[in-house]
Amino acid sequence: DGGITQSPKYLFRKEGQNVTLSCEQNLNHDAMYWYRQDPGQGLRLIYYSQIVNDFQKGDIAEGYSVSREKKESFPLTVTSAQKNPTAFYLCASRKQGSSNQPQHFGDGTRLSIL
Amino acid sequence: RKEVEQDPGPFNVPEGATVAFNCTYSNSASQSFFWYRQDCRKEPKLLMSVYSSGNEDGRFTAQLNRASQYISLLIRDSKLSDSATYLCVVNKGWGGNLIFGKGTKLSVKP
């Protein structure tokens with residue numbers, strides 16, 4: 001089945017540690033996105049990529065980094081510079097080429113501080 | 001004006017009721033409109049796209065008013081399983097990224 005796989009489902013970070021969240025899709029979508037959602041809040045865009053080897057900052061990129069070495073994969077690193085990392089992280093992908101394409105989401109990673 | 005604005009609710013309705021949500025958007029160049037549903041502690045899932053002429057999918061009807069820059073979602077004959085948060089989603093102009101509203105919470109009671 002085609003879809004987006006995020007791992008791990010739950011992740012704990014120690015102070016001063018970098019952690020990497022995985023996102024893989026087999027939908028052959030060009031565009032991929034990372035969002036953060038805090039309790040009772042909307043989705044905020046962290047980074048996005050519309051093509052391999054290229055990515056752009058979203059609204060809240062500070063303390064995060066990404067790479068897009070393969071079309072299928074868009075990992076997100078939460079660095080130690082991100083002082084409030086506890087949140088629900090969602091990866092999404094979207095087919096390009098038409099403006100009326102929705103995004104499809106993975107089932108998310110919950111990150112907490114130890 | 002916020003890019004996408006929704007009444008956060010909650011809307012508490014009895015089973016079988018009809019409920020309507022509105023959403024306003026600020027970018028007149030927006031071309032893509034969607035409603036997503038998000039269950040508690042889950043990822044958002046596409047409920048339906050919204051087309052210029054309005055569209056229906058079973059008990060759900062979506063409408064777009066470009067002149068007033070708002071979209072609406074009507075749910076008829078509400079079911080307990082409709083309880084969720086409904087997100088209004090609009091793109092940031094032609095080919096632009098999608099912007100998600102903060103959502104309207106619906107609770108359907110027996």
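The values are calculated or read from the model by the stated rules, or taken from the named source; none is laboratory data. Predicted model, so just to flag it, every value in this text is computed and none were measured. A quick note on method: Cβ atoms are made from the backbone with ideal geometry, for glycine too, and the neighbour counts reach across all protein chains shown.
Here A:ASN84 fulfils each of the conditions (1) surrounded by 14 or more Cβ atoms within 10 Å (Cβ to Cβ); (2) not in a strand (DSSP E or B) apart from (1). Tell me the residue from B:GLU3, B:GLU15 that is at pLDDT 95 or above and of a type in the set (D, E, K, R), please. None of the other options fit; the residue is B:GLU15.
Residues of the stretch B:42-96 that are among the charged types (D, E, K, R) and either touching a residue at least 60 places away in the same chain (Cβ under 8 Å) or away from chain A (no Cβ under 14 Å) (or both): B:GLU56, B:ARG59, B:ARG66, B:ARG76, B:ASP77, B:LYS79, B:ASP82, B:LYS92. Filter the stretch A:27-36 down to residues that are part of a strand (DSSP E or B) and more than 9 Å from chain B (Cβ to nearest Cβ) and give me whichever is nearest to A:GLN103 (Cα to Cα). Going through the qualifying residues, I end up with A:MET32.
Mind telling me which of the residues B:PHE34, B:PHE21 ends up being in a strand (DSSP E or B), surrounded by 15 or more Cβ atoms within 10 Å (Cβ to Cβ) and facing chain A (nearest Cβ under 10 Å)? Going through B:PHE34, B:PHE21 in turn, the sole match is B:PHE34.
Within the stretch A:61-73, identify whether any single residue is exposed (fewer than 13 other Cβ atoms within 10 Å of the Cβ) and at pLDDT below 95, and answer yes or no. No, there is no match, as no residue in the stretch A:61-73 is exposed (fewer than 13 other Cβ atoms within 10 Å of the Cβ) and at pLDDT below 95.
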